[in-house]
Structure formats: structure tokens, C-alpha cells
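Heads up: the structure comes next, in C-alpha cells.
The values are calculated or read from the model by the stated rules, or taken from the named source; none is laboratory data. For clarity, every value in this text was computed on a predicted model and none was experimentally measured. For neighbour counting, all protein chains shown are included, and Cβ atoms are generated from backbone atoms with ideal geometry for every residue, glycine included. Heavy atoms of the whole protein, side chains included, go into the accessibility calculation; ligands, DNA and RNA do not. Shrake-Rupley method; radii C 1.70, N 1.55, O 1.52, S 1.80 Å.
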Amino acid sequence: MSEEGVERRLTTILAADVVGYSRLMGEDEVGTLAALKAHRKELIEPKAAQYHGRTIKLMGDGALMEFPSVVDAVAFSIEVQVAMGERNAEVPEDRRLVYRIGINIGDIIVEGDDIYGDGVNVAARLEGLALSGGICVARNVYNQVRDKLDLNFEDLGEVEAKNIARPIQVFRVVLDDKAVALVTPIVQAPVDVVRSRWPAISAGLAVTFLAIVAVVWWQPWAPPIETTSLETMAPPLSGKPSIAVLPFTNISDDPEQEYFADGMTEDLITDLSKISGLFVIARNSSFSYKGRQVKVRQVAEELGVRYILEGSVRRVGDMVRINAQLIDATTGGHLWAERYDGSLADVFALQDKVIAKIVSAMAVSLTGEETARTVEAETDVPEAYDAFLLGWELYRRQTIADNTKAINQLEKAVALDPGYGRAYAGLAAAYWDVVNRDMEHAVSVQWQHAFDKMEESIAKALEAPTATAYWVQAEILAAQGRFDEALVAIDHGVALEPNNPDIHVSKALILNAMGRAGEAEPAARLAMRLNPHYRPKVLRELGRALLHQERYEEAAAAFERVVSREEDNGYDFLSLAAIYGHLGSLEKAKSATQRYNKIFSEWAYTPMTVQEAGFWWYGDMFDYDEAYVATLREGLRKAGVPEGPAPAAENFDFKALVNKSEGTMQVEGAERIDPETAKGLSDRGAIIVDVRDAGSYARERIAGAVHLDLNADLTEANLSKLVGKDDQVIFTCWGKYCPYAAYSTAKAVLWGFSRVYYFNGGFPAWKDAGYLTESSPGY
């Protein structure tokens, strides 16, 4: 019975807590407070007034609110989260303010403006059980709103909570399309209207509630309705348990065995990624916690998963010990923890035991194909596996020096086991980097030779295909403009590893090139969800998809984020120049153009022109969907970018003369020749024109070749200064897959030159034949 004078009532209590608030204030107190004030005025106050909520008290970085209606309390939380997800789209990840919220219905004691009792304590415990950006509610809240609000909930079961007598039945509000559908426009209510119902919302409410809604799972650059399926507070794909594998600790006496522990971790991630019933966070995001002391709940909140696998590896000679434990982050409970011992030859069997335990503990059903794949050993040679792990670790570092070392280790792996498909796939990936990142001068491998080695390696890899093999194959096919074939290959990769973000990024790229931006966008967003610590490449493809769809403001935001992380890719600034042109932001377009020109001037490349936009490496622009090309070029013209040497009417005329077959080219009206023929023609007076950039030409070239940069110098007038219309002229560039020589040949034919030759083997083939080369002074 209540004591005399004590006021009690039944009410809805909302408890909230800022995640990482102290860090945010410590790093930028002024900026954080300024943002808090803006969001208080523009969002929190209007929504609190709309749903009749009042602040009871502030507790450091937490807050307690009361609502007369449980439906209003839940709706308020969803409204604020959805709105802030959009408002925080352009906020850097390390500056996003994120909240946990708990909601309970309970009997409370009222004392002045304060409230007490178990009802309040339960709300606080529910808030502590919520992941970052999430909402947890008690069963009594769920019972009241489930038939009144069209929402999805996840039953987290009964949880023991500190100082609460009975277990709490906890439900998580799923922030999906149904939740977004509840959002209503923000109406700035007059202050006196707000005060007529409840006391004024204090400045502290904004301080506390700004972070409610910087939801971890909100993908940058998109409207909220289009991103809600990519939620990280729970498995984003219906019914899938979500897991992250933290880097296993190397507890060997030898610190040089770090690569082995990392390789074991990555293999477990890869094997789990093959299981369609799981949602698995990518290696890059998991490894961002390597060497850091972090709490399991923190990791789960930041990556948006429920389960965490952690452990250690000890290797002594050929003996291996693995310790592993699976943790449910919502409760902190260990689902299982075991130790596995064996020899290096048993390493795949040990991994299979760990995978089997995870699958069992998470109640995941395997398909027949998945069951078969889990018992397949990738190699019977332990030393080959060891060499592969070291090579792959070196490749992952993404430096020129380490890539060279990676190639050596991967070559060793395939020498030890000539049937090792995964090692061949790794070797193909390493050579792909040499080709795609212009490393040939640094690693002393000619571009064409690296391409040939890449093709040889991928052919071997596809004899025992892995997801990596299909991924690299798709990249190669796309680089040759064979996008239909590339899409088939990448879909094979997705089937083998549905949780591999690299594969989804490549799929987005291929779909963009095919003009299927509506499909490319979700592929890019899925890659971002699988790898919350995503690389600029993912945002780049998202930006291209948005540009395709003429969503220029969102595309600009995406590319601005790209260049804030990676400032040395000139083509990103070309994209921004075109986007700003469409938006009419001419000063920004001018700045982007200048950044592009500065970057490429260091490589002796030519300044940006509209013509230059036609020669991107990745399946050069003439292989792209023509509507996309037109959109890009038109944006550059609006930005005031110079057209380039060719008249606008000739932009695509020569394209009709060029035909491709499996990536190699033929030019109508010109003869394709080999090195011997090129040498004979040159000896008899034919002019060889090298159309590569000035830097490559100066570094090394065919002896006697003259230089006309395709993008800057190759005009009918300039060519006519070298040869007459009936003279013999040979065009050459990097190698048989380089389009520059073919395009130059086609232009010459179009201009009326009658004796034109296309030397598709180019400089590498000439040098391989032992013919004379030369370099400019200083090289």
C-alpha cells in the first residue's frame, strides 16, 4: 500500500544514453555543442511537442523522458532516429552521435518533477541492452503497440538484469521500411504551444538526444527510405543471424607467426561467408579492431551484429592450437568456448570444427552444396598453405613493395602444389594490381607481361574455382569491356560467397558500366553494410550509380566523401567536376578540375578535357553505356571543361571503326600487325607514333618513335605535320589490350590517311622481340 502523501502513477518511461559522448566532447566540444543546439531546435523540440513527451532529468550523457502514451513514446523514438539518419548522412563516422534507447511501462513514484521506482530502473536496463542506434522495449510495451503500430520486432528472449528481481522479456524494434513509413513531416510548433502541454524542453534535452539517431546502419548519401534495409543493429536480411570474427591473437613465441593467426582468422571469415544463412561482417571491418582493447558490446554496436567470435592461435613448428569462443553480444553470454589441437596438416579439419560449432550454436541450416564445401580441403600440402597465407597477407597491405613480395610467396605456393586453385587466384589478384595500379615500372614487369601472367593465373584458378577466382576473372573481363561475361562471373562469385563485399563492389561496377545503375546502387550499399569500415572504392561505385540516375546532390556527397579519404585519384575529381557542372556549382567544378590537373601533371599527363573522359581504364568509357557517357560529358561541358582536340561532332565517329573480340581490337580500314612486320615497315621508312602519355614515352619507347598523346596532341593537323595522307604510319601504345593505339588508328582512317597500321602488341611486344628501344635523358 502507498505511503501517505506519495504520488504514484502508471506511465511510459524512455531512457536514453549517448554512446561515446565523452570522446566526442573531448575531441571537439564546441562543434559537438553547436550541432546539439541545431538538432534541438530543428528536430527534437518539434517532435517532442508532437508526441507530448517531457524530459524528467538529465544524467551526464543520459536522459529520462516520460510519455502519457506508449504509442507516442515508440513513434517519437522512430521519428527521431529516421530523421537523424538522413541529417547525419554527411557527418564523418567518427563524429556521429549515437544513442541507445529503452522503453518500459511501469508504476512510478512522483516527487516534484522527478520520478523513481522499478519502472524507471527497467527502462534504464533496457537502454543498456540496446545496441548503438537501437531501441529495446519491454514485453508490456510490445503488447501495447504491436497491434497499433505496423512494426516488426525481434524477440531477444528473457534477460537477467542487475537489481531487477525477475528476468525482463526484451524486444528490439526493427528499423525497416515499416518503421520509416511512420515518419511525418517536422512542424515547427510555436513555443507557447509546446509549453501548454508540458514544461519547456531544456537545452540539455538536445545535448542528450542529438545522438539518438545517428544510426550506425544508415548508409551515406541516400534518402532514408532507400537505405533502411541496410540495417546494422540486426541482420539486415530477413531472419539471418549476424556475426563478426575478431582477429585471432597470435600467442606463439614467434611474433613472425602473426600472418598465420591473421590467415586463420580470414579463412574462418571466408568459410562463414559461404553460408547463405548467415550475415558475416567483412575482413576489413573486423581487422580494424586488431591490437585494440575493446568490449564485445562495443564491437557489436559498431558493426551491427549480434554474435562475436574471438580467439587465439598458437603455432609451434608444425603443431597448431586454436582457442575460440562465440559470444552473444546482447547478453554477454558465451554460447561455447573450446580448444582445438592438431598439426599443420590438420589445419583445415580444425577450421571445419570451429565452423560446425558456430553453425550449430546459431541454429543455421546448411544447403547440400554448403555442407560439401565445408569438408573440402583446398590443398594437401601444408607448406603451400603456409606460403599462401604469407603471400595473401602481403597482398592485403596494398603497397608496391609488399605486392612484389606477395607475388614471390604465391608463386612458391603454386610451385609446391600446382593444383592449388586459391593460390592461383591470389596470384592473379596480385598481378591485377600491377596492371590496374600502373606498378609496372616499380616492380620491373612490363604492363603486358603482368597482364599475361594474370590471365595465365586466373585460367589455372578456374580449374578449381573459388569466389576470389570468379571475382578476379570478372575484373579482367570488365577491363576488356566484356561486361555480360563479367556479370556471369561475378554472379558465380556471389553464389559461392554471398557475404564477400569485394564481390558486391565489383558487381556494382559492372552494372554501372552496363547502364544498370538502379541495380548497381543496392549492390554497393550491401557491400557497405557487409564492410562498415568500407574503403573509398565502395563509395566511388555508389557515387557513379547516383550519377547514372541523375541524383546529382547525392552523387556529389558520395564523391566528396571519397576524396576526403583518398586525395590522389584524379578521376574522382573528374567525376566531381561533371557533377558540379550539372548542379551549376561552377566554382566547385573549377576547383575539382584544378585538383585533377595538379594530380596528373605530376605524371606528365594532359589537363582535363571532355575528350579525356572517354578513356578511363576500367573498360574504357567507349564500353560504357552511352547514356552514362553522355551524362558525364554534358556535365563537364556545363562545368566549362575544354572540349579537347577533336571537334565535338567527331566524339564518337571513329568508334564505329573499332571492333572488339575477347578484349583485343580490329580497326576497319587498317591492318593489324605483329612486331616483325612493324620492324620491317619501320626499316623502310614508316613512321611509328607512340600515343601513350608523355611520362611513359620518356621512360622507354621504340627507338625512333615520335610522340602524339592521344588525348592532347593527336589531331589531323598535327598528324599531317609528320606524314602525308598516303604515307605509312604505325600506331602503338602499352600492349594488346590497350585501346589507345586502336582509337588513334581509327581516327587516322577517319581523317583520310590511307596506309595506317595498328600495332596492337605495342612497346612490350617490340621489346620482347629484341628490337632497339630508347629513353629520354634523365630516365
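Let's see how each residue does on (1) over 29 Å from residue 531 (Cβ atoms); (2) modelled with pLDDT under 75:
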residue	(1), (2)
58	yes, yes
72	yes, no
79	yes, no
88	no, yes
93	no, yes
107	yes, no
- prompt: Is one or more of the residues making up region 507-514 charged (D, E, K, R), over 22 Å from residue 463 (Cβ atoms) and at pLDDT 90 or above?
  reply: yes
- prompt: Which residue, of 627, 639, 656, is among the aliphatic types (A, V, I, L, M), at pLDDT 90 or above and within 30 Å of residue 582 (Cβ to Cβ)?
  reply: 639
query: Which pairs do you get when a residue that is over 12 Å from residue 391 (Cβ atoms), found in region 409-431, comes within reach of a residue that is open to solvent by 30 Å² or more (accessible area, probe 1.4 Å) and hydrophobic (A, V, I, L, M, F, W, C), reach meaning Cβ atoms under 7 angstrom, with the pair 6+ apart or on two chains?
result: 417/381; 419/464; 421/464
message: Any residue at all in region 549-572 that's surrounded by 20 or more Cβ atoms within 10 Å (Cβ to Cβ), within 30 Å of residue 277 (Cβ to Cβ) and at pLDDT 90 or above?
response: no
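Could you list all residues from region 390-418 that are open to solvent by 60 Å² or more (accessible area, probe 1.4 Å) and among the small types (Gly, Ala, Ser)?
Applying the first criterion (open to solvent by 60 Å² or more (accessible area, probe 1.4 Å)) to region 390-418 yields 397-398, 400-401, 405, 408, 412, 415-416, 418.
If the condition is that a residue be open to solvent by 60 Å² or more (accessible area, probe 1.4 Å) and among the small types (Gly, Ala, Ser), then 401, 415 are the ones that fit.
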message: Testing residue 312 on (1) farther than 13 Å from residue 355 by Cα; (2) assigned to a helix (DSSP H, G or I), one condition comes back false. Which one is that?
response: (2)
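Farther than 23 Å from residue 448 by Cα and either in a helix (DSSP H, G or I) or in contact (Cβ under 8 Å) with a residue 60 or more places away in the chain (or both): which single residue out of 712, 741, 678 fits that description? Spell out the reasoning first.
Details: 741 fails: farther than 23 Å from residue 448 by Cα; 678 fails: farther than 23 Å from residue 448 by Cα.
That would be 712, the only listed residue that is farther than 23 Å from residue 448 by Cα and either in a helix (DSSP H, G or I) or in contact (Cβ under 8 Å) with a residue 60 or more places away in the chain (or both).
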Subset of region 673-715 [on the phi < 0 side of the Ramachandran plot and of a type in the set (Gly, Ala, Ser)]: 678, 680, 682, 686, 694, 695, 696, 698, 703, 705, 712
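Could you tell me which residue of region 625-639 is farthest from residue 545 (Cα to Cα), considering only residues that are part of a helix (DSSP H, G or I) and among the aliphatic types (A, V, I, L, M)? First the steps, then the outcome.
Within region 625-639, the first condition is being part of a helix (DSSP H, G or I), and the residues that meet it are 626-638.
With the extra rule that they be among the aliphatic types (A, V, I, L, M), the set shrinks to 627, 629-630, 632, 636.
Values: 627: 13, 629: 13, 630: 15, 632: 12, 636: 17 Å.
That would be 636.
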statement: Exception for residue 453 within (1) open to solvent by 40 Å² or more (accessible area, probe 1.4 Å); (2) in a helix (DSSP H, G or I); (3) at pLDDT 90 or above falls at (3)
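If only one of 201, 168, 164 is more than 30 Å from the chain's Cα centre (by Cα), modelled with pLDDT under 80 and farther than 23 Å from residue 83 by Cα, which one is it? Even if it seems obvious, please write down each step before you answer.
Details: 201 fails: farther than 23 Å from residue 83 by Cα; 168 fails: modelled with pLDDT under 80.
Exactly one residue qualifies, and that residue is 164.
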- prompt: Which residue pairs have Cβ atoms closer than 6 Å, lie 6 or more positions apart in sequence or on different chains, and pair a first residue in region 37-54 that is within 23 Å of residue 69 (Cα to Cα) with a second residue that is of a type in the set (S, T, N, Q)?
  reply: 46/188
query: Looking at region 586-624, which of the residues that are surrounded by fewer than 17 Cβ atoms within 10 Å (Cβ to Cβ) and at pLDDT below 65 is nearest to residue 435 (Cα to Cα)?
result: 617
- prompt: Could you say whether any residue in region 98-115 is β-branched (Val, Ile, Thr), open to solvent by less than 20 Å² (accessible area, probe 1.4 Å) and more than 23 Å from residue 9 (Cβ to Cβ)?
  reply: yes
- prompt: Which residues, counting only those in region 499-527, are in contact with a helix residue (DSSP H, G or I) (Cβ under 7 Å, 6 or more places away or on another chain), open to solvent by 10 Å² or more (accessible area, probe 1.4 Å), of a type outside the set (Gly, Ala, Ser) and outside any helix (DSSP H, G or I)?
  reply: 500, 514
message: Please verify whether residue 66 is open to solvent by 20 Å² or more (accessible area, probe 1.4 Å) and in contact (Cβ under 8 Å) with a residue 40 or more places away in the chain, treating the condition exactly as stated.
response: no
- request: For residues that are assigned to a helix (DSSP H, G or I) and open to solvent by 10 Å² or more (accessible area, probe 1.4 Å), scanning just region 47-56, find the one that is modelled with the lowest pLDDT.
  value: 49
- request: Among the residues of region 681-703, write down those that are surrounded by fewer than 21 Cβ atoms within 10 Å (Cβ to Cβ), closer than 14 Å to residue 771 by Cα and in contact (Cβ under 8 Å) with a residue 60 or more places away in the chain.
  value: 681, 700, 703
Pairs with Cβ under 8 Å, 6+ apart, first in region 1-25 and over 24 Å from residue 135 (Cβ atoms) and of a type in the set (Val, Ile, Thr), second open to solvent by less than 90 Å² (accessible area, probe 1.4 Å) and at pLDDT 85 or above: 6/109
query: For region 118-177, how many residues are open to solvent by less than 70 Å² (accessible area, probe 1.4 Å), assigned to a loop (DSSP other than H, G, I, E, B), under 23 Å from residue 107 (Cβ atoms) and in contact (Cβ under 8 Å) with a residue 24 or more places away in the chain?
result: 3
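Residues of region 474-485 being in contact with a Leu (Cβ under 7 Å, 6 or more places away or on another chain) and either open to solvent by less than 20 Å² (accessible area, probe 1.4 Å) or touching a residue at least 40 places away in the same chain (Cβ under 8 Å) (or both), which ones? Write out each step before concluding.
Looking only at region 474-485, we keep the residues that are in contact with a Leu (Cβ under 7 Å, 6 or more places away or on another chain), and these are 478, 485.
478 - this is the single residue of region 474-485 that is in contact with a Leu (Cβ under 7 Å, 6 or more places away or on another chain) and either open to solvent by less than 20 Å² (accessible area, probe 1.4 Å) or touching a residue at least 40 places away in the same chain (Cβ under 8 Å) (or both).
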- line: All-but-one check, residue 90 against (1) crowded, with 24+ Cβ neighbours inside 10 Å; (2) part of a loop (DSSP other than H, G, I, E, B), failing number (1)
message: Can you name every one of the helices (runs of 4 or more DSSP H) wholly within region 320-408 that holds 3 or more residues which are at pLDDT below 85 and either more than 28 Å from the chain's Cα centre (by Cα) or acidic (Asp, Glu) (or both)?
response: 347-361, 368-374
query: Looking at (1) crowded, with 22+ Cβ neighbours inside 10 Å; (2) within 18 Å of residue 144 (Cα to Cα), can you tell me which one residue 80 breaks?
result: (2)
- prompt: Taking residue 115, is it assigned to a strand (DSSP E or B) and out of contact with any Gly (no Cβ under 8 Å at 6 or more places or on another chain)?
  reply: yes
